[in-house]
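Quick notes on the structure that follows.
The values are calculated or read from the model by the stated rules, or taken from the named source; none is laboratory data. Predicted model, so just to flag it, every value in this text is computed and none were measured. Cβ placement follows ideal geometry from the backbone for every residue including glycine, while neighbour counts extend to all protein chains displayed.
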Amino acid sequence: MKQNNGQPQPGQTTGLMSRRRFVGLAGTAAATLMFGGAFVGCAGSGNGGSPASDASGDDAAAIANSVDFSDWNAVLEAAKGQTVSWYGWGGDEARNTWINTVLADALKQKYDITLDLVGMDINDILTQLSGEMQAGVEEGSIDFIWINGENFYSCKENGYLWGPFTSYLPNFNDYIDGNSPEVLYDFGSPTEGFECPYGKAQMQMWYNSDVVTTPPTTVEEFAAFCQQHPGQVTYPEPGDFTGTAFISCLIAGVVGKGEFEKLSAMEEPTEEAVLAVVEPGLEYLKSLKPYLWKEGTTFPADSSTLSTMYADGELILNMGYGAPQDLVNNGQLPETTRSFIFDSGTVGNSNFMAIAANAPHKAAALVAINEVVSPEMQLSIYENLGNISVLDMAKLPQEQRAQFENVPLGAAQIPLDELLDHRIAEASGPVIPILEKLWLERVAQA
Amino acid sequence: MRRQARRAGCSGLWAARALVALQAVCVLAPLAIIVVWAFTASWPWPHLLPESLTARGIEELFGPSQKLGEVLGSSVAIALACAFFTTTVATMAGRALSRYRFCGREVFRFAVLLPFLIPATVFAMGVQVAFIRAGLAGTVVGVVLAHSIVALPYAALIMTDAMEAAGNRLEEQARLCGAGPVRTWSGIIIPTLLPSLLSAASMSYILSFSQYFLTLLVGSGKVKTLALVMFPYLSSGDRTIASAYGVVFLAATLVVFFLFELLLHKRMAREIDYFNG
């Protein structure tokens, strides 16, 4: 292989020399680009230079700062013509379609607001938000977020959220019971007006009535059910929120609702305090293990894996926050799918919407959130997605209450009042990791 | 002797054919299953064929809520821009590394590999912060640049090796015959390197097209590519829609590859002349 050794050779012209220098320069530039990227990658804070003024920045910030948010008409005026971005989990086709058609159309027609739904995983959303906040971006890309639980807690603690804002929303003031614990607390941490409820969810189990004749509605029956169908029942590994919620239901069934709900009030729990409540439940879970899928030596990593196994017929029981009516409607699950809950109840929680501290379109975000909690949209959510409404039915006019009551129930759905009568408050945010650790030590590894 | 050799050659040929067939089955069978799943509503065990079919995947793709054309267009445009930019820089870097001795050359050679060595997630988060400060976050240009950083090591390695393999004989001859720098590049260097250039470009294209996390962070979720729209369905286990997107993803990649191949074959005759001469 011949290489140019950098010495002038006969036949080389000055043109070649300058080209070589050019190539050398370009190589250096390429290397610098890669080095720069790499260093920044390592340090997480490069040289950076001057703080960026967002190139796409419109006058939104200027408007946002001058808006009196307590004057709803001023908010509506400021929101006009804005494009508001809603970041949230995007893995549910029915919900995406509902947001992109029903909600987006209503916002466009009523308020001249364009809704941009950005579907992504909550962890990725938080990474993006914290990246922007740490870089000191005053006008971020996120307007409002579908959020709850410890994600909300950590965002609020870090000052990544804007608020309190719920008192600005007419529909929140008119139709939501602001003093209900489900609105005041989110997994045990006070919401303090930094998030507005979006929907209520409650753990439900489902099965194919062609395969299973009588569902197990108590923990004793559930244990017998596992013994009758060895290897065909399991739950997602706690750590996955569905898995944690499901073992919570079983533990609550063993220790009793009143005892279990002590966990939802714990703000700074110790391992001993949690164990004192849940120990009989953990013993019960341990006794189930030999009859579970793969004899309980391993558990599916997440609820989507479990759903896939259930859809393939490998398992005969599945579970989740809400009935799978939409899966039945679109043919993924058979018409004979039925849901049930334990007589001792199942855990439930609320999910919320919060506004980013650096949201560029706060007025439009307020209008959009207000629209989501309007009776019309909540009814539409209940009809189309089967989500439990966050509205206080007692505050609704008679005819609207009747509309909610008249929504036909799918065969796979459980009546609303039956669900709410069997609702157990979820353990508080700080208890959850302890519960998962105890399960790992005393059930999985035992 | 000769007959034996021929027989050995024959059985070798059959073995090779069998291996190719096996590989084809290993690659094509899963792809075929993806295509079937794109139209399948439910396919429980122990059914050999799907139990029920659905147009849900297709409706989702072409439905009003997903702007497939827009998303696909921006994916292809970003990937092509990344392929072009990366290949250009990689060619220059490859030339500098293979032809010239300069101070710190080995350091640069190592620097080329550096993005390989850093975990993608760590890298993406750093790039996000740097790009936010530079005002590149949430822009298409920023996404193209970020993808290029990831694709550069692959492309630069290909181009450095290609430059070293090609040598500078032919180029020097052209210069001796009086060709200017522009003519040498357009008539000798680029045609000689064309197969490698296309390899580097298609590698960059693929890498850019399939980036999820980096696109998400640098694009702030505003720059929507196919990978970005597809991923939530993959992670939520909706196999019908994920497969439908998978088919589009595959088709978009294959079309571009086909075009690259077509370009290459047009030049093939000249290449063979060169390597034989």
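Per-residue answers, yes or no, for (1) within 24 Å of the chain's Cα centre (by Cα); (2) assigned to a helix (DSSP H, G or I):
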position: A:Ala276; (1), (2): no, yes
position: A:Thr298; (1), (2): no, no
position: A:Ala301; (1), (2): yes, no
position: A:Thr308; (1), (2): yes, yes
position: A:Gly313; (1), (2): no, no
position: A:Val328; (1), (2): yes, yes
position: A:Phe342; (1), (2): no, no
position: A:Met353; (1), (2): yes, no
position: A:Glu371; (1), (2): yes, yes
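If only residues of the range A:388-446 that are within 25 Å of the chain's Cα centre (by Cα) and among the basic types (Lys, Arg) are counted, the one that is surrounded by the fewest Cβ atoms within 10 Å (Cβ to Cβ) is A:Lys437. The single condition among (1) of a type in the set (Phe, Trp, Tyr); (2) closer than 23 Å to A:Ser374 by Cα; (3) at pLDDT below 95 that A:Trp72 does not meet is (3). Looking at the range B:77-100, is at least one residue within 9 Å of chain A (Cβ to nearest Cβ), part of a loop (DSSP other than H, G, I, E, B) and surrounded by 14 or more Cβ atoms within 10 Å (Cβ to Cβ)? Looking through the range B:77-100, at least one residue is within 9 Å of chain A (Cβ to nearest Cβ), part of a loop (DSSP other than H, G, I, E, B) and surrounded by 14 or more Cβ atoms within 10 Å (Cβ to Cβ).
Here is the figure for the range A:120-177: residues that are more than 15 Å from the chain's Cα centre (by Cα) and polar (S, T, N, Q) total 9.
Within the range A:106-208, considering only helices (runs of 4 or more DSSP H) that don't extend past its boundaries, which have at least 1 residues that are crowded, with 18+ Cβ neighbours inside 10 Å and within 14 Å of chain B (Cβ to nearest Cβ)?
Those helices (runs of 4 or more DSSP H) span A:122-134.
In the range A:315-326, the qualifying residues are those that are of a type in the set (A, V, I, L, M, F, W, C) and assigned to a loop (DSSP other than H, G, I, E, B), and the one that is nearest to A:Ala412 (Cα to Cα) is A:Ala323.
Of the residues B:Gly138, B:Gly142, the single one that is at the interface with chain A (Cβ under 7 Å from one of its Cβ atoms) and within 27 Å of B:Glu70 (Cα to Cα) is B:Gly138. Residues that are of a type in the set (Gly, Ala, Ser) and under 20 Å from the mean Cα position of the chain (by Cα) number at least 3 in the following helices (runs of 4 or more DSSP H) confined to the range B:160-277: B:190-209, B:239-276. Restricting attention to the range B:101-133, which residues are assigned to a helix (DSSP H, G or I) and more than 7 Å from chain A (Cβ to nearest Cβ)? Once the filter is applied, which keeps residues that are assigned to a helix (DSSP H, G or I) and more than 7 Å from chain A (Cβ to nearest Cβ), the range B:101-133 yields B:Arg105, B:Glu106, B:Val107, B:Arg109, B:Phe110, B:Leu113, B:Phe116, B:Leu117, B:Ala120, B:Thr121, B:Ala124, B:Phe131. When the range B:32-61 is filtered for residues that are away from chain A (no Cβ under 12 Å) and either exposed (fewer than 12 other Cβ atoms within 10 Å of the Cβ) or not in a helix (DSSP H, G or I) (or both), the ones remaining, listed by number, are B:Ala32, B:Ala38, B:Leu48, B:Leu49. Residues in the range B:123-150 that are over 26 Å from A:Glu138 (Cβ atoms) and of a type in the set (A, V, I, L, M): B:Ile149, B:Val150. For A:Ala359, indicate whether it is small (Gly, Ala, Ser), closer than 27 Å to A:Cys155 by Cα and surrounded by 15 or more Cβ atoms within 10 Å (Cβ to Cβ). Taking the combined requirement at face value, the residue satisfies it. Residue count for the range B:179-203 under the criterion of being touching a residue at least 60 places away in the same chain (Cβ under 8 Å), in contact with a Leu (Cβ under 8 Å, 6 or more places away or on another chain) and not aliphatic (A, V, I, L, M): the result is 2. Within the range B:222-237, the residues that satisfy the criterion of being surrounded by fewer than 24 Cβ atoms within 10 Å (Cβ to Cβ) and at the interface with another protein chain (Cβ under 7 Å from one of its Cβ atoms) are B:Lys222, B:Pro232, B:Ser235, B:Ser236, B:Gly237. Quick one: would you say A:Phe260 is assigned to a helix (DSSP H, G or I), farther than 18 Å from A:Phe222 by Cα and not assigned by TED's automatic domain parsing to the domain that holds A:Gly188? When the stated conditions are applied, A:Phe260 passes them.
The single condition from (1) in contact (Cβ under 8 Å) with a residue 60 or more places away in the chain; (2) in contact with a Leu (Cβ under 9 Å, 6 or more places away or on another chain) that A:Glu261 fails is (2). When A:Asp174 is tested against (1) modelled with pLDDT under 95; (2) of a type in the set (D, E, K, R); (3) more than 23 Å from A:Gly149 (Cα to Cα); (4) not assigned by TED's automatic domain parsing to the domain that holds A:Asp312, only condition (1) is not met. The set of residues in the range A:315-332 being within 11 Å of chain B (Cβ to nearest Cβ) and within 25 Å of A:Ala446 (Cβ to Cβ) consists of A:Leu315 alone.
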